[in-house]
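In what follows, a structure is listed as structure tokens, so that the remarks can point back to it.
The values are calculated or read from the model by the stated rules, or taken from the named source; none is laboratory data. The structure presented is a predicted model; accordingly, all values stated were derived computationally and were not measured. Please note: Cβ atoms are built from the backbone with ideal geometry, for glycine as well, and neighbour counts cover all protein chains shown. Accessible surface areas use protein heavy atoms only, side chains included; no ligands, DNA or RNA. Shrake-Rupley method; radii C 1.70, N 1.55, O 1.52, S 1.80 Å.
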Amino acid sequence: MSRPGTTGSHPGATAPEVRAAIAPPCRRPHVEGVEATPAGIAAGHPATAQAGLSILAAGGSAADAAIAAVLAACAAETVLTGLAGGGFATYYDAASRTVTCLDFFVAVPGLDGDVTTPTPMTPVSITLGTVPIPYEIGAASVAVPGVPAGCGALHSRWGRLPWSSVLAPAVELARRGAELPAAQAHTLRALAPAMLPADGAQAYAPRGRLLEGGEVLRHPGLDKAMAILRDDGPEAFYTGAVGRAMIDTVRAGGGTLGPADLAEYRVLELPVGHAGFAGAHVYGRPDDLNHTIDTLAALDDAVLGTDRTRRAVLLADALRDHALQRLGDTTNISVIDPDGNACVVTTTLGLGAAVWLPGLGVHLNSMLGEGELIIGALPPGARMNSMMCPLVVTATEAGRAHTGAAAEVPTGTGDDVAGTQPGAGLPDDTRVEVSTVVGPEHPAAHESVTELGDVTAPIPGTSPPGPGTGTGPAPGSGPGRGGPGSAEPVGPHGDLLLAVGAAGASRIRTALAHTLLGVLVDGLDPETAIGRARFHIVTDTAHAEPGVPDDELAALVDAGYQIHQWPDLDHYFGGASAVGRTGAGGDPRRGGIGMHL
């Protein structure tokens with residue numbers, strides 16, 4: 001089924017064969033009077049962004065592109081994330097003008113009840129700047145992963161292209177490998193105690209030394225795991241062959257993870273939080289450990305109409321953080337598609353457990369060794385909390401944020417939904433060529449797909465607002481809604497300003513606040529806003545990158561803060577990625593990049 005003006009593949013297609021070439025990265029200048037937000041992607045690695053962009057160019061939705069990029073990151077950014085990690089997603093549906101938040105973070109194992117005394121975790125010390133930070137790794141640190149199920153849920157709800165098409169870039173990237181950015185090579189040196197044991201040395205030190213920036217990172221066997229995910233779907237990681245391998249490996253190391261833990265895992269739909277901020281409206285999950293939405297709501301219009309020195313003090317007071325500092329091994333993907341839908345996904349592996357699935361190149365998470373994430377008593381099956389908070393920003397006022405309880409959503413793929421199979425009604429020889437570039441030494445990979453979904457069809461079971469009505473479905477009434485109040489309507493004329501997320505544990509909120517200030521208050525494009533120097537507050541100390549203006553630092557001193565000056569822009573200050581009306585930007589601190597179609 002196609003909307004008027006399309007061919008059933010993507011706008012502008014004139015033949016059954018559609019070739020999705022990768023557009024070169026560019027910064028799109030602001031044009032007065034142009035309100036549409038251009039399609040694009042921002043991510044923490046060029047190969048990650050290229051994978052998502054190729055899916056956008058093939059006619060994929062924002063969700064399709066985000067899934068492709070998330071899984072590409074699981075091959076290219078394994079210092080920060082992986083298939084056995086977890087995450088969160090915030091999705092803006094332009095047709096219904098609703099925001100939805102999904103939780104596919106890790107869960108506490110132990111539902112089987114047959115392991116009462118797991119083997120003690122192994123303590124390791126990671127140096128953050130000049131401060132040693134304790135972590136714990138090993139099989140007992142492995143929690144129930146959520147990335148495969150989360151990708152399946154995104155595809156089931158908002159996917160357009162076939163699942164196999166969406167996964168094609170990640171499969172090929174895992175097979176060929178990707179260049180390690182210099183920023184992530186720097187991080188690898190800090191994480192080496194957890195990265196090198198077991199199978200880690202094969203990937204991170206294949207020639208007897210740690211990889212350096214520009215060298216190819218490749219995990220032997222990871223392409224097999226990606227191919228299983230492509231062919232068998234997310235279920236393979238829970239009730240299939242990969243899940244069984246995970247259980248056997250963790251149990252052999254004295255961990256708790258068992259069959260019931262994997263079989264009972266579900267993606268959750270969360271209530272949507274809302275904050276007015278600098279004249280715009282920000283949406284994301286309301287209960288992250290950083291209290292990001294509450295922080296932005298407290299600042300709100302106080303950041304308007306005041307000089308930057310006063311604003312710096314207001315921001316510092318809002319960001320004051322008494323938590324133990326962690327390195328923050330996370331990454332973020334922000335996508336906007338040509339229809340104005342947005343998908344922002346943040347994922348993490350924790351430090352990594354130093355436990356690998358034999359022959360599959362999959363590093364298991366270490367989230368149970370992240371002490372600050374365990375708040376109170378968490379029984380088996382409980383969802384762990386996190387500091388991650390992907391956001392979307394709209395220009396107009398939304399209805400009151402609802403507070404419905406979290407509820408389960410499907411974890412299969414869109415290909416599993418009866419009556420909504422992609423490719424229906426298209427010629428049998430319809431093809432899309434999906435490409436991803438993995439570095440100058442490695443030519444682009446190509447995979448032809450025999451089926452192409454109806455890339456312009458609305459989400460199954462929904463219809464766009466009627467002509468002139470400007471209204472979408474009532475909260476909780478859309479497809480797959482978990483319950484009353486779990487989706488937030490974005491106003492009768494809601495229009496998307498920005499899709500933004502960040503990595504970096506306790507610095508996630510800091511990176512988001514600085515980026516939002518740059519874009520919404522100072523009128524910067526996302527790339528410039530993200531690249532601008534930041535400060536982060538820990539108790540009474542302002543950690544500042546070079547480039548924070550002297551008068552702002554002086555104002556912070558006058559307000560009682562001590563200044564700790566860092567020598568360079570640093571991974572420590574988080575890694576933001578954003579797509580908006582004036583461009584797309586990834587974080588130079590982590591080798592990120594933004595691209596537009």
**Study point:** Criterion violated by Ala73 - all others in (1) open to solvent by 10 Å² or more (accessible area, probe 1.4 Å); (2) touching a strand residue (DSSP E or B) at 6+ places or on another chain (Cβ under 7 Å) satisfied
**Key:** (1)
Check your understanding: Name the pairs: first residue in region 176-203 and closer than 14 Å to Arg218 by Cα and crowded, with 20+ Cβ neighbours inside 10 Å, second residue acidic (Asp, Glu) and at pLDDT below 90, Cβ to Cβ under 9 Å, at least 6 apart or on different chains?
Key -> Glu179/Glu441
Review point. Does region 100-111 contain any residue that is modelled with pLDDT under 90, open to solvent by 10 Å² or more (accessible area, probe 1.4 Å) and not aliphatic (A, V, I, L, M)?
Key: no
Exercise for review: Test Ile41 against the criterion of being under 14 Å from the mean Cα position of the chain (by Cα), outside any helix (DSSP H, G or I), at pLDDT 95 or above and not hydroxyl-bearing (Ser, Thr, Tyr), and give yes or no.
Suggested key: yes
Exercise for review: Give just the number: which of (1) open to solvent by 20 Å² or more (accessible area, probe 1.4 Å); (2) under 21 Å from the mean Cα position of the chain (by Cα); (3) at pLDDT below 90 does Arg320 not satisfy?
Suggested key: (2)
Check your understanding: open to solvent by 30 Å² or more (accessible area, probe 1.4 Å) and modelled with pLDDT of 95 or more - does that describe any residue in region 532-541?
Key -> yes
Practice item. Return yes when Pro567 is modelled with pLDDT of 95 or more and either of a type in the set (Ser, Thr, Tyr) or not in a helix (DSSP H, G or I) (or both) and no when it is not. Key: no
Study note, to complete from the structure: Taking region 215-255 and keeping residues among the hydroxyl-bearing types (Ser, Thr, Tyr) and crowded, with 19+ Cβ neighbours inside 10 Å leaves Tyr238, Thr249
Check your understanding: Is it true that some residue in region 205-228 is over 21 Å from the mean Cα position of the chain (by Cα), under 21 Å from Phe104 (Cβ atoms) and part of a helix (DSSP H, G or I)?
Key -> yes
Revision key, fill the gap. For region 286-317, the count of residues that are part of a loop (DSSP other than H, G, I, E, B) and either modelled with pLDDT of 95 or more or open to solvent by 20 Å² or more (accessible area, probe 1.4 Å) (or both) equals 8
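Would you mind stating whether Thr78 is of a type in the set (Val, Ile, Thr), surrounded by 24 or more Cβ atoms within 10 Å (Cβ to Cβ), touching a Pro at 6+ places or on another chain (Cβ under 9 Å) and touching a residue at least 12 places away in the same chain (Cβ under 8 Å)?
no
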Exercise for review: Name the residue, out of Arg285, Arg244, Arg251, that is free of Cβ contacts under 8 Å to residues at least 60 places away in the same chain and either out of contact with any Asp or Glu (no Cβ under 8 Å at 6 or more places or on another chain) or of a type outside the set (A, V, I, L, M, F, W, C) (or both).
Suggested key: Arg244
Check your understanding: Which one of Ile228, Ile293, Ile247 is closer than 30 Å to Asp317 by Cα and of a type outside the set (S, T, N, Q)?
Key -> Ile293
Check your understanding: With Ala278, Ala260 as the choices, which residue is in contact with an Asp or Glu (Cβ under 8 Å, 6 or more places away or on another chain) and surrounded by fewer than 19 Cβ atoms within 10 Å (Cβ to Cβ)?
Key -> Ala260
Point to revise | Unmet criterion (only one of (1) open to solvent by 20 Å² or more (accessible area, probe 1.4 Å); (2) in contact with a helix residue (DSSP H, G or I) (Cβ under 7 Å, 6 or more places away or on another chain)) for Trp158 | key: (1)
